1. If I model a spin label at residue 186 and residue 118 as a point 7 Å from the Cα along the Cα→Cβ vector, what separation in nanometres do I get?
2. Where q = 0.12, 0.17, 0.20 Å⁻¹, what log10 of I(q)/I(0) comes from the Debye formula for the stretch 78-189, counting one point per Cα?
3. Find the all-direction average of the projected area of the Cα convex hull for the stretch 100-158, expressing the result in square nanometres with one decimal place.
4. If the stretch 137-205 were replaced by its equivalent ellipsoid, with semi-axes equal to the square roots of 5 times the Cα gyration tensor eigenvalues, what would those be, largest first, whole Å?
5. Just how much of residue 12 is accessible, in Å², when a 1.4 Å probe is used and the result is rounded to the nearest 10?
6. Can you give the log10 of the normalised intensity I(q)/I(0) at q = 0.07, 0.08, 0.11, 0.14 Å⁻¹, computed with Debye over equal Cα scatterers of the chain?
7. Which listed residue (197, 142, 116) has the Cα farthest towards the positive end of the charge dipole for the stretch 102-197, taking +1 on Lys and Arg C-beta and -1 on Asp and Glu C-beta about the Cα centre?
8. Among 184-194, 169-179, what's the highest-first ranking by average C-beta atoms within 10 angstrom per residue?
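The values are calculated or read from the model by the stated rules, or taken from the named source; none is laboratory data. Note that the structure is a prediction, hence the values are computed from the model and not measured. Neighbour counts run over all protein chains shown; Cβ positions are idealised from the backbone, glycine included. These accessible areas exclude ligands, DNA and RNA; they are computed on the full protein's heavy atoms, side chains included. Shrake-Rupley method; radii C 1.70, N 1.55, O 1.52, S 1.80 Å.
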Amino acid sequence: MRKKNHPRGDWWSAFLLRALVGVVFVLLALLIGFILWFSLPVFLARDTQVFSSVWQPGQGRFGIVPMIVGSALLAVSASLAAFPMAVGICGFCLIHPRAMATRVVRYLVKLMAGIPTVVYGLAALFLLIPLLRDVFGQGSGFSLLAAVMMVVLLILPVMVMILDSQLTPFHENIALSATALGMRPRETVLYVVIPHSVRALTTAAILGFSRAIGDTMLPLMLAGNATQMPDSAFDSIRTLTAHIGLVIATEKGSAAYNSLFAAGLVLLAISLFVTLLTRSVGGRQIRAMEGAGL
């Protein structure tokens, strides 16, 4: 049996790709090891009490539970609101691929993806915060609701672009067959394309959630940054990212500063857990569909 002679350029390309993947894994391992090294003493110390609901650094109490709850509420709420919008926008573009409105929508989505986060925050400071304060009359307007609304705008183009890049080729491949079977474009998208795009939907959900929980600027500018457990959407919250940004700007080398490593580890653990969980659920659904011959 003759051995295949691969071109030398292919061998170098494969070697370079493997080397880059190895570098990424090493950097990721170093990052996790660095955070673990500095955060474990904080978790093991009895006097820091990082898993309490009280943040009073002057009295030696460094509880980050309100920040964990604030981050989770913000990321989950924004993802749940943005995901159906992204699916709807992508579905509209698939149903009407040649319409002028579709081109306008795709252009706006790309434009939104390039807008800096601070611009969203500034616009919300002058438009959204006074509106919430005047309409609902509860608090100053700096609240969980304000942060969620702007984070939705932040993660929406990410989700739409991922879905559009993966669903459009699939739709183009099956559109002719679906039409031959008598299906309308709307039925093709609703009953064939979306139900059989679990991997794309999962990827969009993961990246949207990761973008929401990792954003710093919008929660810092709009959420009010109160270290409390919120009772309603109009209450002020502080997220882990905003907490790290606020404390690191005023502290250095103190116990409060060291507690930030615990916050960073929790943030990293939440992101990894959600990513692995969502990929596991998505993979199970994909295997079930492949087993059913779909």
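1. Result for the modelled spin labels: 4.6 nm.
2. Relative scattering, expressed as log10 I(q)/I(0), comes to -0.54, -0.85, -1.03.
3. Averaged projected hull area, Cα only: 4.6 nm².
4. Its equivalent ellipsoid spans semi-axes of 36, 13, 9 Å.
5. Ignoring ligands and nucleic acids, residue 12 comes out at about 130 Å².
6. Here log10 of I(q) over I(0) equals -0.37, -0.48, -0.83, -1.13.
7. My answer, from the dipole projection, is 116.
8. Ranking, from highest mean packing down: 184-194, 169-179.
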